[in-house]
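In what follows, a single structure is set out as C-alpha cells and then discussed.
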Amino acid sequence: MNIKKRLTISSKILSSENKHILRESEVKSFNSSLSYRYKQCAKRQAMKIWKSWRRNKKKGQIPEFDGALILDHRFIKVEKAKNSSFDYWVRIAILKKGYPILIPIKSYDYANNYFDNWKLVNGGRLSREDDNWFLLLTFEKETPPKKKEGKIIGIDIGIKKLMATSEKEFYGKDIERLMDKIQKKQQGSKAFKRAIKERDYYVNKTAKALSLNNLKAIVMENIKNIKRNTKKERRLRKEFRSKFQKWTYPLLFSRINQLCEINGVHFFTIDPAWTSQTCNKCGFVHELNRCGEIFLCRNCGYTQDADYNASKNILKTYLAQQSMVAGNIKANNGIFVH
Ligand SMILES: [Zn+2]
C-alpha cells in the first residue's frame, strides 16, 4: 500500500470517528444524570478541547478536562437587579428545570465600565479554585472607525521605564522595582504569584495612562520579529529574562494594540533594527552609542535619553517605509500614464 492510500484510509477512520463522537442520538442516550441540554454543552466543550489539541503540533498527552464549565446563554444570564441593594442577578440554570440558582452580585468601578459601555455576551466560564467559584463573563463592543487626523508616535519599551514615546513622554518608572520584587521571591510561591499579579496590574495601568486623544497612530517594534541574535533581542533577553520580565513585553504590546482598537487609533509595527544604537540626528549606528540610559553619538556628539532616542528611531523607520511605499505608488502611476 502506498503512503497516499494509507493516509486516505487513516483520515477516513478519523473522520468516521469524528462522526461517531458527534452523533446527536448518542449524546442524548449517553449514560449520565445531566440533562440533554447540558450533555450538548459538554459535548461541544469536549469537541473544542479535542480539536485544539489535534491542531497543536506539539501535542503531547491526551488533553485533560480542567474542570471549568463553558456554558452558553441558555445556562447563564446576567440581569440588572431592580429595587434591590444589589446591582445584578446571575441566573444559572441547573439540572432541575424551572429552578435556577440566583446569585445577587454587587458591581464595582472597573466592572461598571464594562456593564455600562459594553455589550454583555450571555453565558460564561464557571470554574472553581480552592473552594471559590469564579464566573468569567465576556463583553463585546463594536470598534470605532480609525482616526484620520492626529499625531503618529513611536513607543520604545525598556526596563528603567516601561514606555518612552517620541513625544518625550515616559511611563512606568516603577517597573524595575516590581521586577526586582518578583526576582526576590521564590519561584512558584504565593508571594511570587502575587508579585506577578502586581506587575501585570501595573503594566495594564501604565498602558491605560497613555493618552490616545490626539493620536492617529502608534508605532512599535514587532515582538514576533525580534529575531534571535540581533542586538535588540540580545539586549531584551539579557535585561528581561534575568528579571522574569519575559511576559512584560507581550502583555504591554497586546494591551496597547487593544486600546488602539477600542479608540480608533492605528497600530503599526516595524521590524526591530538597531533602534537603540542608531543616532536619531545623524543616523550613525554603533553599539557604543548607547550606554545604559544615556545615548551619546560617537559621530556627532548628540546626546539624549536612550529610550527616547530609540522611540524616535521607531517612528522614523515607520515614516521612511511609508514614504517609500508612497514613492512606489507614484512611480507605478507614472508608468501607468505613459
Ligand atoms: Zn549622531
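The values are calculated or read from the model by the stated rules, or taken from the named source; none is laboratory data. Predicted, not measured: the structure shown is a model, and the values here were computed from it. All Cβ positions, glycine included, derive from the backbone under ideal geometry; neighbour counts span all protein chains shown.
Figures for the structure shown
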quantity	calculated
Residue in the range 54-70 that is closer than 30 Å to residue 143 by Cα, in a loop (DSSP other than H, G, I, E, B) and of a type in the set (D, E, K, R) present	no
Criterion (among the charged types (D, E, K, R), touching a residue at least 24 places away in the same chain (Cβ under 8 Å) and more than 21 Å from residue 212 (Cα to Cα)) met by exactly one of 307, 271	271
Candidates 230, 248, 206, filtered to the one that is assigned by TED's automatic domain parsing to the domain that holds residue 316, at pLDDT 90 or above and among the polar types (S, T, N, Q)	206
Residue selected from the range 253-298 under the condition away from the ligand (no atom under 16 Å from the Cβ) and charged (D, E, K, R), by the criterion farthest from the chain's Cα centre (by Cα)	293
Condition check for residue 43: within 23 Å of residue 133 (Cα to Cα) and part of a helix (DSSP H, G or I)	yes
Single residue of 128, 91 found to be surrounded by 11 or more Cβ atoms within 10 Å (Cβ to Cβ) and touching a residue at least 60 places away in the same chain (Cβ under 8 Å)	128
Residue list for the range 313-328, filter: in contact with a strand residue (DSSP E or B) (Cβ under 8 Å, 6 or more places away or on another chain) and either more than 18 Å from residue 166 (Cα to Cα) or within 12 Å of the ligand (Cβ to nearest atom) (or both)	313
Odd one out for residue 119, checked against (1) surrounded by 15 or more Cβ atoms within 10 Å (Cβ to Cβ); (2) within 30 Å of residue 267 (Cα to Cα); (3) of a type in the set (Lys, Arg)	(1)
Residue in the range 136-180 that is nearest to residue 205 (Cα to Cα), counting only those that are in a loop (DSSP other than H, G, I, E, B) and free of Cβ contacts under 8 Å to residues at least 60 places away in the same chain	172
